[in-house]
Amino acid sequence: MKLYINIKHFLDIDSDVFWVFASKLALIGKGPILVFLVIATLSTEVQGIWFTFISLSYLSTFADLGFTLLITQFVSHEFVNVSLINGFIHGKRENRDKFFTLIRYAIKLYIVVIPILLFLMVVIGIYVFKNSTLDIKIAWILFAFIGAINLFINLLQSIYQGMDKVTYIYRARSIGTMLFFIVAAIMLIFGFGIWSIVVSSSIAAIFLLLNLFKHSRYFWIQLYRYKPKIYYSWMNEIIKLQGKYAISWASGYAIFHLLVPITYATIGAITAGQIGATVTLIVGLSSISMSWIEAKIPKFNMLIAKKQKPNLDKLFVSSSIRGVFIFIFGSLSFLFLISIVGKYQVLDIHNYAGRLLEGRLIILLITAEFAALAIAIMAKYLRAHKAEPFYMLSVLSALLITLCIFKIIPTYGLEYYFYAINVINWLIMLPLSIIIFRRFVYKFYLYD
């Protein structure tokens, strides 16, 4: 009992952290189980198509480009000057005007962006699956449509999350993730193949949209009816920072999500499936580790707006330590599980060993992701200050890793590719990130 209390105290799990963690845990939990179900129910070729669907769905990154995170931060900064009482925004007229014009700007922008996103997703998907059956192409078109809807839902959730509604948003996402998993698992078991991901995504999106409106309908009604006396122009303030976010997010797509579709198109579905399954597990673990940081982002923003720097830094450091601890513990546990499965042939479903990358490649991927996690933690802190000084580093990283994808994999193989990304992350990106982070923090404390 005492050990449990000590662990709980160290992890500092409040309601925000719990539901962010639960959301991430649901994501990573569904990942391995769905991987095993995909392996058990789909052929190696369809497995490759499944993970290519998932990777291509991240094309929405090019539409979002970090905008939803940016809006969460801006909403949190403005929310300091108003309050949410019984579902309605209260405060001085000028503060309410500024708050609502910010949200309307974001929604109007997405009304323009989403149709463009849908068009791009359909065209690129049709090109990638040009040699696939008509059934696969139709499934992709519908999946792209759901992806566009999910992007809009994510914007609405990000707006509401900025009002310190972390617990509610991540609780809803946890339930949505579990709903997706249950429907997908049932459909895979009953032989619906690639359509499992299409239908389950649709049901989860409908749930999230209805649940959000049910919980916060008074706020959205007030937003629709509100007539500001003063119209604030947010474009100039947001566009400069958004440009840097866009570069970082587009670069992030190149780093994390080009590997599977390019492998599918150049090497084949089997190898793409191996990479997709392994990356899903490792990136999921990293995502869980960021729970302690992401749960506190609205509080970071509010502490900055109130100029409470000591409290900000104390909260950031404690959250970062807990996140890193979870990644290390989770990585060691994952490697232990993989070794047990490989040694004793546990869950050897349809040649399980051939469905994931080899053990040494998994270790290389974990070490590369560890460096990326450290960089991501620093980036969260800087973005809370409405700053994005890492954007040129993101471009450099994307260029180097994309070069490795096209040059090293075809010539030397996957193992040397993973060696290369470890060199890039540990010897180039992490040292440069630390230098930039230290300089920003020094200027922030000196001049702000």
- [ ] Any chance you could check the Cα centroid distance between the stretch 368-435 and the stretch 33-47 for me, in angstrom?
- [x] 30 Å
Task: Projected label distance in nm at Leu432 and Asn311, using a 7 Å step from Cα toward the beta-carbon - done: 3.7 nm
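Could you provide, to the nearest whole Å², the per residue accessible area of the stretch 136-221 with probe 1.4 Å?
Details: 3420 Å² over 86 residues.
Computed with neighbouring chains in place, this is 40 Å² per residue.
So how strong a dipole does the stretch 90-242 carry about its Cα centre when Lys and Arg Cβ are +1 and Asp and Glu Cβ are -1, to the nearest 20 debye?
On the way: 17 positive and 5 negative charges, 144 e Å.
Taking the Cα centre of the stretch 90-242 as origin, the dipole is about 700 debye.
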TODO: Please sort 220-229, 191-200, 36-45, 103-112 by packing, taking for each peptide the average over its residues of neighbouring beta carbons within 10 angstrom, highest first.
DONE: 191-200, 36-45, 103-112, 220-229
Task: Per-residue ³J(HN,Hα) for the stretch 49-60, Karplus 6.51 cos²θ - 1.76 cosθ + 1.60, θ = phi - 60°, Hz, x for Gly and Pro - done: 5, 4, 6, 5, 3, 4, 5, 5, 5, 6, 4, 4
TODO: Give a residue-ordered list of calculated ³J(HN,Hα) values for the stretch 268-281 (Karplus: 6.51 cos²θ - 1.76 cosθ + 1.60, θ = phi - 60°; whole Hz; x for Gly, Pro).
DONE: x, 5, 5, 5, 4, x, 4, 5, x, 5, 5, 4, 4, 5
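The values are calculated or read from the model by the stated rules, or taken from the named source; none is laboratory data. These figures come from a predicted structure and were not determined experimentally. Using ideal geometry, Cβ is built from the backbone for each residue, glycine included, and neighbour counts are taken over all protein chains shown. Calculation scope for accessible area: heavy atoms of the full protein, side chains included, ligands and nucleic acids excluded. Shrake-Rupley method; radii C 1.70, N 1.55, O 1.52, S 1.80 Å.
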